[in-house]
Amino acid sequence: MNATHLMAGLLLAASLASPASADTFAKLNEALPTTVDITATHPVFDFDTDGCLPSAGISRAGVQNSGLKASGSITGGCRA
């Protein structure tokens, strides 16, 4: 690709680009329903090498992530 084609492509891309503002993006739903008492929910994460990487501890509906089974290997094969 020569420099002329490259410059033409860059100019075309720059002319088609438009600025974005926060108003451009849709508003997310509330993270938790108002009936959920967040202070009563305590998800636990294990960040060292024998645990899984964290995921969402609480769903949008206020349901706590059940995590791994209580039996089996410590990691449950999540870092295999």
Condition met for Ala3 (small (Gly, Ala, Ser) and modelled with pLDDT of 75 or more): yes
Regarding Arg79, is this residue under 24 Å from the mean Cα position of the chain (by Cα) and modelled with pLDDT of 75 or more? no
Among residues belonging to the range 26-49 that are out of contact with any strand residue (DSSP E or B) (no Cβ under 9 Å at 6 or more places or on another chain) and surrounded by 10 or more Cβ atoms within 10 Å (Cβ to Cβ), point out the one that is modelled with the highest pLDDT. Pro33
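The values are calculated or read from the model by the stated rules, or taken from the named source; none is laboratory data. Bear in mind the structure is a predicted one, so any value in this text is a computation, not a measurement. Methodologically, a virtual Cβ is constructed for each residue, glycine included, from the backbone with ideal geometry; neighbour enumeration extends over all protein chains shown.
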